[in-house]
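I have placed the structure first, in the form of C-alpha cells, so that the comments after it can refer back to it.
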Amino acid sequence: MKRWSGLQAFPRKIWLNKSGKQLVQWPVEEMAKLRTNQVELQITTLKAGSLLEISGVTWAQADVEISFTIPMFDRAKVYDSNWRNPQEICSQRGSSAKSGVVPFGLLVLASSDLQEFTTVFFIIFEKNDKFVVLMCSDQKRSSLGLDYDKTTYGAFWMLMLLSKKFH
C-alpha cells in the first residue's frame with residue numbers, strides 16, 4: 001500500500017526571481033497556521049550513509065524544513081552546460097553516485113524496515129565560480145507494489161549568493 005499516493009500539493013505563490021530567469025515558488029502564508037506539534041532537531045552531524053530517525057512525525061502530515069552545512073564546496077564537480085533535463089540527470093546519477101560533493105539528503109516516508117522510502121537528495125556542481133544544486137526526488141523504492149508511478153523528479157537551483165570564498 002502506498003500510503004501517500006493521495007498526497008495533495010500545498011497552495012503556493014509563484015514569481016520570477018530578480019534576474020527574471022528562474023521561477024520561484026513558496027507555500028502561501030496561510031500554510032503556517034497549519035503547522036502544529038513541531039518536532040525539532042538541531043546541530044546534528046551525520047556521517048555518509050548514516051540514518052537518523054526523527055521521532056514524533058507522522059507520515060500523514062509532514063512539512064520538512066532542513067538546512068545543511070557543506071564544508072567541501074571545493075570538491076564540487078563542474079556543471080556540464082549541455083545538461084538541460086534535471087529529471088533525466090537525477091534518474092541517471094541516483095542518490096548513491098559518489099563524486100564531488102556527493103549526493104546528500106533524506107529518506108522520507110520510509111517504512112520501519114526501510115523496504116519502502118522516497119529519497120530526496122541534492123548534488124552540488126560548480127558553474128563559473130557559483131554553485132548549481134540539483135535537487136532530486138527518487139520514487140523508485142517508494143512502494144513494493146508494481147502498479148505505482150515511480151518517476152524520479154529533478155530541478156536545478158542556482159545559488160547566486162555562494163561563491164568559492166563562502167565559509
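Mind listing the phi-derived Karplus ³J(HN,Hα) values for region 51-58, rounded to whole Hz, using 6.51, -1.76 and 1.60 with θ = phi - 60°, and x for any glycine or proline?
For region 51-58, the Karplus curve yields 10, 9, 7, 9, 6, x, 10, 9 Hz.
Once the other residues with Cβ under 13 Å from the Cβ of L107 are scored (Lys, Arg +1; Asp, Glu -1), what is the net sum?
With Lys, Arg at +1 and Asp, Glu at -1, the neighbours total -2.
So what's the net charge close to D80: Lys and Arg +1, Asp and Glu -1, counting the other residues with Cβ under 13 Å from its Cβ?
My count for the surroundings of D80 gives +2.
Taking the alpha-carbon set of region 12-159, what are its Rg and Dmax in Å?
When restricted to Cα atoms, region 12-159 yields Rg and Dmax of 16.7, 45 Å.
Cα-Cα over 29 Å: which of K13/K77; K18/K150; K33/K150; K18/K127; K21/K47; K13/K130?
Among K13/K77; K18/K150; K33/K150; K18/K127; K21/K47; K13/K130, the Cα-Cα distance tops 29 Å for K13/K77; K18/K150; K33/K150; K21/K47.
Every number here is computed from the coordinates shown, using simple stated rules; none is lab data. Only a predicted model underlies this, so the values are computations on that prediction, with no experimental measurement involved. Neighbour counts are summed over all protein chains in view; Cβ atoms, including those assigned to glycine, are modelled from backbone coordinates with ideal geometry.
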